[in-house]
1. Cβ neighbours within 10 Å, averaged per peptide: list 231-242, 47-58 in order, most packed at the top.
2. Output the 0 to 90 degree angle, nearest 10, between the alpha-carbon long axis of helix 145-154 and the longest principal axis computed from the alpha carbons of the chain.
3. Suppose R0 equals 30 Å; then what is the FRET efficiency for Asp273 and Ser209 from their Cβ-Cβ distance, rounded to the nearest 0.05?
4. So how do Glu258, Glu67, Glu98 line up by other beta-carbon neighbours within 10 Å, fewest first?
5. Could you give the radius of gyration (one decimal) and Dmax (whole number) of the Cα atoms in the stretch 46-113, in Å?
6. As I understand it, the value is the acute angle between the Cα axis of helix 269-280 and the longest principal axis of the Cα atoms of the chain; what does it come to in degrees, rounded to 10?
7. Pulled fully out, how much extra length does the chain show between Thr157 and Asp186, if you take 0.36 nm times their separation in residues and subtract their Cα-Cα distance?
8. Bins of 10 Å, beginning at zero and ending with the bin holding the largest distance: percent of Cα pairs per bin for the stretch 156-266, please.
Amino acid sequence: MPSVPSMLARSIHAAAAVSPTLAGDIAYRLFFTITPRMAVRDADAATHADARRGRLTVRGLDVVTYEWGTGSRAVLLLHGWRGRASQFAPLVRELVSEGFRVIAFDAPAHGASSGRGTDIRDWIDAAEQLQTDHGAFDAVIGHSFGALAALTVARSTVHTRAVAAIAGAAGPDAFLTQFADDLHLDAATTARLSERFRGRLGMDQAAVSARYDAARHPLPADTALLVVHDRADRRMPDHDALRLHDAHGDRSRLVRTEGLGHTRVLSADATLDAVVAFVTDSEVMSPTTSNLAP
């Protein structure tokens, strides 16, 4: 979820008084702003350095991939907007200790990958290429915007038995709505922002929903879901995550944390324990998934 510099927010409000179309265009550019790139945290540096690195080409850009562990079971990790793969370092260590091989990448314009712009289609392209290279994934785990990408690929081209959505949302409208709320955008400016977003994807609203909304169009029947969300998450409030959980009935598990917000939840003990238990559960990984009560 993009953060909003106050000066740019004021410029959008000033533009809206003259032209909601212009204001919506400015908001659209701000929504897709990547910079500054996140640096590797000191606490994550050793795990980051320990990865075996590779490269993919996504839309003509070099994408850096990471691999840890040597197990036969593979898990794919998808970072969020303005994030990077190294954020998953605590989870990587836990999964490798459980015998998993862990795969991740820095999306274009993120981390060590090249480029100045990106959108969800690049996450999908990279995930598809990694499936070709590594075979089916036992689980796909995403944080924030990466959770949306994880849900999307698991509903379409990347086969997996389990998806974990951490601090995520069921569909892209939640990100647009929260962004508009953060900026206090008026209805006309918000409508222009949404129009530009759909135009970037080359879709109308119905097509965006069918492709990207995992509550209206849930995961395959044999795919289990874990939803982890903090009650105090201000960057992506939990209402859309709850919509996602409700849409999947008793094959979805819900973990609510307290006081961790949007980013710290990713490395919290409660999250790590829940994700590891989820991906090692024999019922989740069996040929048929049954009665996974929250």
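Every read-out reported here was derived from the displayed coordinates using simple, explicitly stated rules and does not represent laboratory data. Source: prediction; values computed, not measured. Positions of Cβ are backbone-derived with ideal geometry, glycine not excepted, and every protein chain shown enters the neighbour counts.
1. 231-242, 47-58
2. Its long axis makes an angle of about 60 degrees.
3. For Asp273 and Ser209, the calculated efficiency is 0.35.
4. Ranked by crowding around the Cβ, least crowded first: Glu258, Glu98, Glu67.
5. That works out to 11.6, 36 Å for Rg and Dmax.
6. Long axis of 269-280 versus the principal axis of the chain: about 60 degrees.
7. Between Thr157 and Asp186, full extension yields 6.7 nm more.
8. Percent of Cα pairs in each bin: 14, 39, 35, 12, 0.
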